[in-house]
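Data first, discussion second: the structure below is written as structure tokens.
The values are calculated or read from the model by the stated rules, or taken from the named source; none is laboratory data. No experiment lies behind these values; they were computed from the predicted model shown. Counting neighbours? That spans all protein chains shown, and the Cβs are built from the backbone with ideal geometry, glycine included. To get the accessible areas, we keep the full protein, side chains included, count just its heavy atoms, and leave off ligands, DNA and RNA. Shrake-Rupley method; radii C 1.70, N 1.55, O 1.52, S 1.80 Å.
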Amino acid sequence: MIVPKPLHHEARPGRFVIDRDTALTADPALGEEAAWLRGELSAVTGGELLPGDPGAAMIRLGLDDLPPDAYRLTVAPDGVALDAGSAAGAFYGAQTLRQLLPPAAFRRADAGGPLELPAVHVEDRPRFAWRGAILDVARHFMTKADVLRFIDLMALHKLNVLHLHLTDDQGWRVEIKRYPRLTEIGSWREESQVGWLGEMDGRPHGGFYTQDDLREIVAYAARRHISVVPEIDLPGHTQSAIAAYPELGNLDTPIGVGTTWGVGHNVLNVEDSTITFFKNVFDEVLDLFPGPYVCVGGDECPKEQWRDSPAARRRIAELGLRDEEELQSWFIRQFDDYLTERGRRLVGWDEILEGGLAPGAVVASWRADLGAVAAARAGHDVINCSNTAVYLDYRQSERDDEPMPFRTVLTVEDVYAFEPVPPELRGDPAAERVMGAQCGVWTELIDSTRHVDYMAFPRLAAFAETVWSGPERDLDDFRRRLAAHLERLDAIGVEYRRESGPLPWQRRPGVPGMPAERDEWQATLDSWTANLRNAP
């Protein structure tokens, strides 16, 4: 009953009993993985699972000649052997071992007796290298403790990339010591819109992570073999930065931090000083996030202010550009060059295709599969983040009491049917450019950790299987395993959405979400397709 489904699973006769006297030993290179497993098991066994004498009932973690993220787990009545190709593989195998135990093993209290592992042989490895989740802490702030909890839930599902959306119109969440007003002013908004088309709540909202907070988050994730990719949006989705430093914008009048949802029209200007400002921001960001990838957004950047700006028109003329679309591409390339010089790779949403793709950029394709196909065929690496398949802020049923009914219905079955490699690329060598996928927990309409639980689970479990397991889908088998998995989530305290009975969330009367009819969606897709086809 393992989620995500392993590549090979063979049940064998017998059981191995874990109690307070069980020993756990590990290759010296797997010390952190052994310490993590000891910590999880000792809480429920009452023992310390220290290394034991040869011949003792033992769990052994070792390295073998396997692919880097692969593992082989054998449970027999006389012991447990977990061999892996790397520390990451050993950690994934330890997660599988834990799932073989009863749900009580996921609590933080003594289970009151021995725990039994069924005898099995498991051989497993991930299908994709990039198995991610986007957590939007800019629209609604989540505390550091909440982020650490989300990381643990990602690790349980063998996800390995946390895309942390740190800045947007409605809030700036990362401390930048050179520019303190980014958090002094930019991290707080006066109020928030309730629902997508609703009233205002009249309640200030804000918060930010200190640099020490972010170092802790990154280190905590790294111990669970999760890389944290920061997103600092530009040139659009920047109203919170402009509110703090008005000279970054295109208007003569000050503006406040955004309080409503949707695409904001306040964007960065294209002055050299603004580019320098954000390079200085990234200097500090790179110190906090040592991973190879940095997201600069690049999406949903309205061009009206640039069309009305003499400075922007002058820049277009000086550079010999065709229009404002090419101006945005030029703007993004300044940061592609900057990051490349520092040994990093730029990640951008698929709008960066429209004015000419920045060399070396990774495309996060969110508008259905359109950007994924175009970018892969142009020779660029792709992360499939399709909004029609893996946006977990979308409503989960047609029920009238569904909270904040945003966009189209996206059920567990819909997410489970998601295929990261678009149909247009199957059999095409460009399919090798698909690095993987990530689901999105966007929080315009999600204002608490409880609500994150409700929207993310169990759909995140279905997503995890699409990026870890093979391309085959067996919905009936997944549902059987998911039923057992939900008991684990119950033990952890995850307030996931249940398919039967009353919903725990009620939509406030007169506060609508944003339903979308089929014709509206088709018109939107047609517009996106036209933009990409017209790209250079």
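Using the Cβ of ARG313 as centre and a radius below 11 Å, the other residues enclosed give a net charge of -1, where K and R count +1 and D and E count -1. Between the entries (i) 21, 53, 23, 2; (ii) 22, 57, 20, 2, 0; (iii) 21, 48, 25, 6, 1, 0, the label attached to P(r) over Cα pairs in 20 Å bins from 0, in percent calculated for this structure is (i). As a calculated quantity, the FRET efficiency between SER273 and ALA104 at R0 = 56 Å, using C-beta atoms, amounts to about 0.40.
Over region 1-141, accessible surface divided per residue gives 41 Å², non-protein components excluded, 1.4 Å probe.
When the helices of the chain are scored as -39500 (n - 2.57) per DSSP H run of n ≥ 4 and the total is divided over every residue, the value at 222 nm lands at -10000 deg cm²/dmol. Distances between placed amide hydrogens fall under 5 Å for VAL137 paired with HIS165, all partners being 5 or more residues away or on another chain.
Expressed as a fraction of 2.2 N^0.38 Å, the C-alpha radius of gyration for region 6-57 is 1.29. Each residue of region 277-293 is assigned a 3J(HN,Hα), and the resulting list reads 3, 6, 5, 5, 4, 5, 3, 6, 4, 5, 5, 8, 10, x, x, x, 10 Hz, derived from the Karplus form 6.51 cos²θ - 1.76 cosθ + 1.60 (θ = phi - 60°), x at Gly and Pro. From most to least packed by mean Cβ count within 10 Å, the peptides 28-38, 435-445, 201-211 give 435-445, 28-38, 201-211. Once the Cα-Cα distance is subtracted from the 0.36 nm per residue extended length, the ALA222 to ALA11 segment shows a gain of 72.7 nm. Taking the DSSP bridge list for the chain and keeping only pairs wholly inside it, about 35 percent are antiparallel. Overall, the chain carries a charge dipole of about 640 debye about its Cα centre when +1 sits on the Cβ of Lys and Arg and -1 on the Cβ of Asp and Glu, all other atoms neutral.
Extension gain for the segment ALA378 to ARG479, taken as residue separation times 0.36 nm less the Cα-Cα distance, is 32.5 nm to one decimal. Projected label points at THR260 and ALA35, each 7 Å from Cα along the beta carbon direction, are separated by 5.1 nanometres.
Here the Karplus relation 6.51 cos²θ - 1.76 cosθ + 1.60, evaluated at θ = phi - 60°, turns the backbone of region 258-269 into coupling constants of x, 10, 10, 9, x, 8, x, 9, 8, 10, 5, 7 Hz, with x for every Gly and Pro. Amide H of ILE18: which non-local residues (sequence gap of 5 or more, or other chain) have their own amide H closer than 5 Å, using H built in the peptide plane? Amide H neighbours of ILE18: LEU115, GLU116, LEU117. Average accessible surface for region 188-251: 38 Å² per residue, computed with a 1.4 Å probe over protein heavy atoms with every protein chain in place.
Each of THR210, PRO28, LEU50 was placed along the dipole of the chain (beta-carbon charges, centred on the mean Cα), and the one lying farthest toward the positive end is LEU50. Taking amide H positions as modeled 1.01 Å from N, with prolines and chain starts lacking one, the residues under 5 Å from TYR293 and 5 or more places away or on another chain are ARG345.
May I ask you to derive the FRET efficiency for MET200 and VAL409 from their Cβ-Cβ distance with R0 = 35 Å, giving the value to the nearest 0.05? Calculated transfer efficiency: 0.80. Coupling constants for region 170-186 follow from the phi torsions by the Karplus curve (6.51 cos²θ - 1.76 cosθ + 1.60, θ = phi - 60°), and in residue order they are 8, x, 10, 10, 10, 5, 10, 5, 5, 10, x, 5, 4, 9, 4, 10, x Hz; glycine and proline get x. Straight-line reach only, C-alpha to C-alpha below 12 angstrom: list the aspartates and glutamates that LYS144 could link to, leaving out same-chain residues fewer than 8 apart. Leaving aside aspartates and glutamates fewer than 8 places away in the same chain, those within reach of LYS144 are ASP212, ASP213, GLU216.
Quarter the surface of the alpha carbon convex hull of region 124-212 and you get the mean projected area, 7.8 square nanometres.
Sorting 344-356, 406-418, 310-322 by their mean Cβ neighbour count within 10 Å, with the most densely packed peptide first, gives 344-356, 406-418, 310-322. Expressed as a whole percent, the accessible surface of the chain that belongs to carbon and sulfur atoms is 49, based on a 1.4 Å probe. Residues ASP146, ASP474, ASP124 ordered from highest to lowest accessible area at a 1.4 Å probe: ASP474, ASP146, ASP124. Once both labels are positioned 7 Å from their Cα atoms along Cα-to-Cβ, the gap between ALA43 and ALA145 label points is 1.4 nm. Using a probe of 1.4 Å, the accessible surface attributed to TRP261 totals some 30 Å² when neighbouring protein chains are kept in position. Estimated from the Cβ-Cβ distance and a Förster radius of 45 angstrom, the FRET efficiency linking ARG426 and GLU487 is about 0.80.
Grouping the Cα pair distances of region 197-252 into 10 Å bins from zero gives a pair-distance distribution of 17, 29, 35, 18, 2 percent in increasing distance order.
Residue order by solvent-accessible surface for ARG12, ARG72 is ARG12, ARG72, largest first, with ligands and nucleic acids left out and a 1.4 Å probe.
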